[in-house]
1. Does A:ILE283 satisfy the condition of being under 20 Å from A:VAL175 (Cα atoms), crowded, with 19+ Cβ neighbours inside 10 Å, within 11 Å of chain B (Cβ to nearest Cβ) and at pLDDT 95 or above?
2. Give the residue, chosen from A:GLY59, A:GLY87, A:GLY41, that is at positive phi and in contact with a strand residue (DSSP E or B) (Cβ under 8 Å, 6 or more places away or on another chain).
3. Within the stretch B:57-72, can you find the residues that are under 19 Å from B:ALA116 (Cα atoms) and at pLDDT below 95?
4. Which count do you get for residues in the stretch A:254-274 that are under 21 Å from the mean Cα position of the chain (by Cα), within 7 Å of another protein chain (Cβ to nearest Cβ) and farther than 15 Å from B:ARG268 by Cα?
5. Has the stretch A:3-12 got at least one residue that is of a type outside the set (A, V, I, L, M) and over 22 Å from A:GLY120 (Cα atoms)?
6. Take B:ALA300 and decide whether it is hydrophobic (A, V, I, L, M, F, W, C) and closer than 22 Å to A:TYR311 by Cα.
7. Go through the stretch A:141-156 and give me each residue that's farther than 24 Å from B:GLY247 by Cβ and outside any loop (DSSP other than H, G, I, E, B).
2 protein chains.
Amino acid sequence: MSAALALASRGRARTAPNPNVGCVIVKQGRVIGRGWTQAGGRPHAEAMALAEAGTESRGATCYVTLEPCAHRSIRGPACSDLLVAAGVGRVVGAIEDPDPRTAGAGFVRLRAAGIAVTTGVEAAAARRSMAGFLTRRALGRPHVTLKLATSLDGAIAMASGESRWITGPEARAHVHLERSRHDAILVGRGTVGADAPVLDVRLPGLEARSPMRVMLSATAVSDDWHVIPTPAAIATLPATDHLFVEGGAQTAAAFLAADLVDRLLLYRAPILIGAGKPALGDIGLAALADAHGRWRLVDARALGRDRVEVYERTPCLPASSPI
Amino acid sequence: MSAALALASRGRARTAPNPNVGCVIVKQGRVIGRGWTQAGGRPHAEAMALAEAGTESRGATCYVTLEPCAHRSIRGPACSDLLVAAGVGRVVGAIEDPDPRTAGAGFVRLRAAGIAVTTGVEAAAARRSMAGFLTRRALGRPHVTLKLATSLDGAIAMASGESRWITGPEARAHVHLERSRHDAILVGRGTVGADAPVLDVRLPGLEARSPMRVMLSATAVSDDWHVIPTPAAIATLPATDHLFVEGGAQTAAAFLAADLVDRLLLYRAPILIGAGKPALGDIGLAALADAHGRWRLVDARALGRDRVEVYERTPCLPASSPI
């Protein structure tokens, strides 16, 4: 399943509104087929893996990060039907497809055909892998990651505005990698005016993965930017299941105040600035007690001299979805 | 040597102006004597360990965190003489004593008596253990630890001033343990006025280890507090080799601006406050580039839902002292 999840990540931010699924077919200890949802959503991961495996699929085990779909579409047959037709012996799935056209019916069809089905394997990792799709299904909006890059004392710039650079090249490269994993990047109008950010992906081989650029502004009109007036309007962004919010402090605060941040990426440099520009504006906190219990550290690692921490909103909606 | 360092920590913040030394005497794989500098500075660690070992010391190995002293005083004989008289076979030391009355003469005397001497064992840990004594010797002032307790966005309180509690009970207990390891605690006059902090050690068995209370104020007069007018005046604090600076933001900034912080203890709660009170006032930073390369992460651990990070000033004076 870990291999299937790794394949799934290849499609991330390229498959909306379809989920980015990964699939591995194994026979006698050997991988005979690999697939992942292709850009635009088709072919599906299972169809690609089955095509690679060919007639070897008979009796094989299929690992897939999302329940195989039960619904035919004009773009292709249902994956559960393909698996039955190929004669696979066993299917190991991570999570159930929340799409009401499948929602368990895929697993039912496999079992009805005599295929052994195991579900719930690496479910948490699969939910994280498809957070965009699951959040869209559950909440009708993209999954939102907020990025902050601060000094140890929580400043994102000096009082003078100087902010290049707080973090080092390794952390900045990591930001570019995160950008490539999102369908769209959003900044506030103030950041556009002050920094004129390009917001592209400057990593070898990933230049073509630069996301759509979105500006939060109640009044701005722009040819270069997709403009939305409020955080809630992210629900209207086209083909956007994963949104990356990059700043500045007022924009970050607006998303937090609206409780529209699912994941927090906190890059921290081992420096002190003192009396700098704070990372966040007013998030509408009424009492300190209300601040607790909202964020859970799920990952932390060194990036050169800096560190990145990943926090998830708790309880987070996708994690409470049915397996 | 690790056992000797553990014993050394028992004397920490109770031996100024003497160093807190630890000593273990081992014979045929068995510990026969243990000692650590007693409150007030005497007896010395070696004298205590030799007294416990008695005549068994002959031919034994003595592990000691600081070079045995070479100078007699009215309070007792030189430890190097004691070790020679006891007939120990080998001495393993961590670092040389910077006291000019010893400064290598202790090791010379041992070697002259035919004792095998090894030095530099666990030197970095020993320097950290005796940071107060070494900083006093090198810079004529106490070793200074600055404590900050912040939200993820670097706030030490809400804009309203509400700050109880940002961190949880485990982190607060850790602060009390750190207090017990310092001779004195310092806060600014603003903190005294706003919070009337007791600054005692509220840990079972350590209540008697509460440090001297110091207030930073150019004008205040107090019966309850030792008052100093500037950060530089810490050099005048009586019997203080380890100073713990607890706040608030202006006091912390004043110490940082004067480059008088050797160690930074950063307690972080997994909460966001937004537009809160920043951890630091102006530290006199002229350019962002000047902020880099000053702090090195040396420890990080979870404390309940919170985390503590320990940073050391780099280059730090004690670390560049001779071994």
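The values are calculated or read from the model by the stated rules, or taken from the named source; none is laboratory data. Predicted, not measured: the structure shown is a model, and the values here were computed from it. Positions of Cβ are backbone-derived with ideal geometry, glycine not excepted, and every protein chain shown enters the neighbour counts.
1. Working: under 20 Å from A:VAL175 (Cα atoms): no; crowded, with 19+ Cβ neighbours inside 10 Å: yes; within 11 Å of chain B (Cβ to nearest Cβ): yes; at pLDDT 95 or above: yes.
When the stated conditions are applied, A:ILE283 does not pass them.
2. Details: A:GLY87 fails: in contact with a strand residue (DSSP E or B) (Cβ under 8 Å, 6 or more places away or on another chain); A:GLY41 fails: in contact with a strand residue (DSSP E or B) (Cβ under 8 Å, 6 or more places away or on another chain).
That would be A:GLY59, the only listed residue that is at positive phi and in contact with a strand residue (DSSP E or B) (Cβ under 8 Å, 6 or more places away or on another chain).
3. Let us first name the residues in the stretch B:57-72 that are under 19 Å from B:ALA116 (Cα atoms), namely B:57-70.
Within the stretch B:57-72, B:CYS69, B:ALA70 qualify.
4. Count: 1.
5. For the stretch A:3-12, residues of a type outside the set (A, V, I, L, M) and over 22 Å from A:GLY120 (Cα atoms): absent.
6. Working: hydrophobic (A, V, I, L, M, F, W, C): yes; closer than 22 Å to A:TYR311 by Cα: yes.
For B:ALA300, the condition - hydrophobic (A, V, I, L, M, F, W, C) and closer than 22 Å to A:TYR311 by Cα - is met.
7. Within the stretch A:141-156, the subset farther than 24 Å from B:GLY247 by Cβ is A:141-147, A:149.
A:HIS143, A:VAL144, A:THR145, A:LEU146, A:LYS147, A:ALA149, listed by residue number.
Every residue, every condition in (1) modelled with pLDDT of 95 or more; (2) surrounded by 14 or more Cβ atoms within 10 Å (Cβ to Cβ); (3) under 18 Å from the mean Cα position of the chain (by Cα); (4) within 9 Å of chain B (Cβ to nearest Cβ), yes or no:
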| site | (1), (2), (3), (4) |
| --- | --- |
| A:ALA279 | yes, yes, no, yes |
| A:TYR311 | yes, yes, yes, yes |
| A:PRO318 | no, yes, yes, no |
| A:SER321 | no, yes, yes, no |
